[in-house]
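Below: the structure, in structure tokens.
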Amino acid sequence: MDRAEQAAQLFLRGYNCAQAVAVAFSDLTGLSPELSAKMASSFGGGMGRLREVCGAVSGMLLVTSLLYGYDRPEDDQGKKELYKLVQSLAEQFRQKNGSIICRELLKNPPSDPNPSPRTEEYYRQRPCAAMVYTAAQILDAYIAEHPVEGE
């Protein structure tokens, strides 16, 4: 199973969008699946169900930072390269899905903090598994062309 399929399956098992992507790439980030899920947990529902940036995009960018990010505040070149990459990956997602904003992708769902029960109806109505699949696929393609140092 490739990472895109794995991410979609993780979402269907109950992980939020950001967690599903982060956990699918935990073999590359060096983080345990548990830590990956915990680190990404607040980004579900477009950041805590605020319906802002899609959790799948946030998960994709969280992994991007772990693999290609910079860690020194004075690293202006590293910052520039990372931000260029972030904008490119987000644009690829936008091109495939029409937006990177959760509320737009879900057609204005409620933004209260209460998680929706994960029922068959929930999964039937939401495009989230496809969003997670797409985000993981975009990142996997980038990684294939730009191997991470040490891999």
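Throughout, read-outs are computed from the coordinates displayed, never taken from laboratory work. Computed from a predicted structure; not experimentally measured. Counting neighbours? That spans all protein chains shown, and the Cβs are built from the backbone with ideal geometry, glycine included.
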Stokes-Einstein D in µm²/s, Kirkwood radius over Cα pairs - the range 3-145 at 20 °C with 1.002 mPa s viscosity: 142
Amide H within-cut-off set for VAL53, under 5 Å, with H built and near neighbours excluded: CYS102
Partner lysines for LYS107 [C-alpha distance under 24 Å; skip if fewer than 8 residues away on the same chain]: LYS96
Separation of the GLU145 and ASP2 label points, Cα + 7 Å toward Cβ, nm: 1.4
Listed residues GLU81, GLU120, GLU34, most fluctuating in the chain (Gaussian network, C-alpha, under 10 Å): GLU120
The chain: calculated mean residue ellipticity at 222 nm from DSSP helix runs of at least 4, using -39500 (n - 2.57): -19000 deg cm²/dmol
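How much length is gained if the chain between ARG124 and SER41 is pulled fully straight, taking 0.36 nm per residue apart and subtracting their Cα-Cα distance, in nm to one decimal? Before the final figure, lay out the partial values.
Numbers: separation 83, 0.36 × 83 = 29.88 nm, distance 2.25 nm.
That pair, ARG124 and SER41, stretches by 27.6 nm at full extension.
Take every Cα pair under 8 Å in the chain that's 6+ residues apart, average their separations, divide by the length, and report that relative contact order as a whole percent.
Values: 202 pairs, mean separation 47.2, N = 151.
Computed over the chain, the figure is 31 percent.
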Distance from the range 12-38 to the range 75-149 (C-alpha centre basis), Å: 14
Choice from GLY30, GLY45, GLY59 showing the highest fluctuation, given a GNM over the chain with Cα pairs closer than 10 Å: GLY30
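What does the highest-first list of 87-100, 6-19 look like by mean Cβ count within 10 Å?
Working: 87-100: 15.8, 6-19: 23.1.
Highest to lowest by the protection proxy: 6-19, 87-100.
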Surrounding net charge for VAL23, when Lys and Arg each add one and Asp and Glu each subtract one, Cβ distance under 11 Å: +1
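Helix check for the chain. Which DSSP H runs span at least 18 Å along their own axis by Cα, with a mean Kyte-Doolittle hydropathy no less than 0.5?
On the way: long enough: 55-68 (19 Å, 1.64); 76-97 (31 Å, -1.38); 128-145 (26 Å, 1.02).
Flagged H segments are 55-68, 128-145.
I'd like to know how the range 72-122 sits against the 2.2 N^0.38 Å rule of thumb: what's its Cα Rg over that expected value? Please report the intermediate quantities before stating the final value.
Details: Rg = 16.8 Å, N = 51, 2.2 N^0.38 = 9.8 Å.
That works out to 1.71 for the range 72-122.
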